[in-house]
Each structure stands twice: as C-alpha cells, then as structure tokens.
1. For Lys174, work out the one condition from (1) under 16 Å from Phe74 (Cα atoms); (2) touching a residue at least 40 places away in the same chain (Cβ under 8 Å) it doesn't fulfil.
2. If you check Arg125, Arg64, Arg87, which single one turns out to be touching an Asp or Glu at 6+ places or on another chain (Cβ under 9 Å) and under 20 Å from Ala36 (Cα atoms)?
3. Identify the single condition in (1) surrounded by fewer than 24 Cβ atoms within 10 Å (Cβ to Cβ); (2) under 23 Å from Glu115 (Cβ atoms) that Thr8 does not satisfy, given that it satisfies every other one.
4. Within 30 Å of Gly30 (Cα to Cα) and either at pLDDT 95 or above or open to solvent by 30 Å² or more (accessible area, probe 1.4 Å) (or both): is that true of Ala153 in this structure?
5. Filter region 77-90 for residues that are in contact with a helix residue (DSSP H, G or I) (Cβ under 8 Å, 6 or more places away or on another chain) and open to solvent by 10 Å² or more (accessible area, probe 1.4 Å); which is nearest to Pro142 (Cα to Cα)?
Amino acid sequence: MQKNIILTGVGGQGTVLASKLIAAASLAKGYEVMSAETIGMAQKGGSVFSHLRVGEGLYSPMIRKGTADLLLAFEPAEAVRMLPYLRETGTLVVSSHPVMPVTAALAGTDYTGSEMVAYLRREVRELHVLDGAAAAREVGSPKALNVIMLGAALASGALDFLTEEDVRAAIRQKVKPQFVEMNERALRYAGEHGI
C-alpha cells in the first residue's frame, strides 16, 4: 500500500496541522510516513502545501506531478495551483470558499473562487466540493476548517487506510485539550452532512 497526499491552502488555514494529524494517525497504525512542507509566506497569507506519503517502500517525501492519490485543498485557487500533482484517477476535496490573495486585494481585483471551482469541475473526475466557511460557522470556529476538510477526505473514501477513530485519536494526541471537542465535532461534520 502506498498513498500520495498533497494538502494545500494559505497561511493560517491549518494545512500543516492537518498533515500532522494524517501522519500521526498513519504512524499509529504502523504505516511508514514521509512528509515535506513548504510554508514560505504562510504568516502573510501566502501559499502553504504539504507532501505526505504513507505506505511501504517510500524513498522520498516529495510527490511527483501526476501521482497524488488525494489533493486536499482548503482554498480553490490553491487547488488549481496544485492540480498538476493529482493523478488522473485521484480525488480532489476542496473548500469552495476563497481567500483573496493580498496582491488581488491591493489591485482591487474581484476574486470569488467560483471560476476556480468551475475549472475544477471540468478537469477533475473525482471532485468533492464543500463550502468550508459555512461548515466552519456551523461547527463554531473558522479555525476548524482544516479538520472539517480532513473529515470530508475521510468521507470521500480517499483516506481508506484510516478510520474516523484513527484521526480522532491523533486529534487527542496533537491538539490542545481545550480544542479537542471542537475538532472532533469538525471531523464528524462531513459524514453527518452526507459529503
């Protein structure tokens, strides 16, 4: 078994924590894990992405273009940016809620994300779109987006080597105690809403 997973978003969306939760849950089940993160301008709302490889016979943490089994995207433009990494039969789970880049805001550009989602609908066979902002409001915190999307990836079947309980155990291990209950609620969101 070998799974290639890319997580992508912008600074502040919890991309790195989501990657660490998948890694911790995988390690607890005895799988080998390799990961690499690029956080660059994360503090300024810049692109953040993580390569995560789980399984046997891993030799490098980096994923070649066209070989990712799952692209988990917290922002639609970032999904488009990383789309070349997804294999033709791979799964894309994306939040439709846009985060306006600083450059677009300064230029007065109108960016709604809808054009990115429309492009993804044309290009990706196995696509799951979730209004992450609405889901986060319902869960009670914008900081829950990463775990909501992780739950959506589980519900899609793309993380079939893990169960919700595996990820819940990782949440208890990696998240501060005062945020565990909220994150557990966030993890259940997609499954409870049929996503």
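The values are calculated or read from the model by the stated rules, or taken from the named source; none is laboratory data. Please read these numbers as outputs of a predicted model, since none were measured by experiment. Note: ideal-geometry Cβ built from the backbone for every residue, glycine included; neighbour counts use all protein chains shown. Side chains are part of the model used for accessible areas, which takes the heavy atoms of the whole protein and leaves out ligands, DNA and RNA. Shrake-Rupley method; radii C 1.70, N 1.55, O 1.52, S 1.80 Å.
1. (1)
2. Details: Arg125 fails: under 20 Å from Ala36 (Cα atoms); Arg64 fails: touching an Asp or Glu at 6+ places or on another chain (Cβ under 9 Å).
Exactly one residue qualifies, and that residue is Arg87.
3. (1)
4. On the way: within 30 Å of Gly30 (Cα to Cα): yes; either at pLDDT 95 or above or open to solvent by 30 Å² or more (accessible area, probe 1.4 Å) (or both): yes.
Yes, satisfied.
5. Initially, region 77-90 is screened for residues in contact with a helix residue (DSSP H, G or I) (Cβ under 8 Å, 6 or more places away or on another chain), giving 77, 79-80, 83.
From what is left, the residues that are open to solvent by 10 Å² or more (accessible area, probe 1.4 Å) are 77, 80, 83.
Values: Ala77: 19, Val80: 22, Leu83: 25 Å.
Among them, the one singled out is Ala77.
Residue-by-condition table, conditions (1) open to solvent by 50 Å² or more (accessible area, probe 1.4 Å); (2) modelled with pLDDT under 95:
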site: Glu37; (1), (2): yes, yes
site: Gln43; (1), (2): yes, yes
site: Gly46; (1), (2): no, yes
site: Val54; (1), (2): no, no
site: Met62; (1), (2): yes, yes
site: Gly66; (1), (2): no, no
site: Leu72; (1), (2): no, no
site: Glu75; (1), (2): no, yes
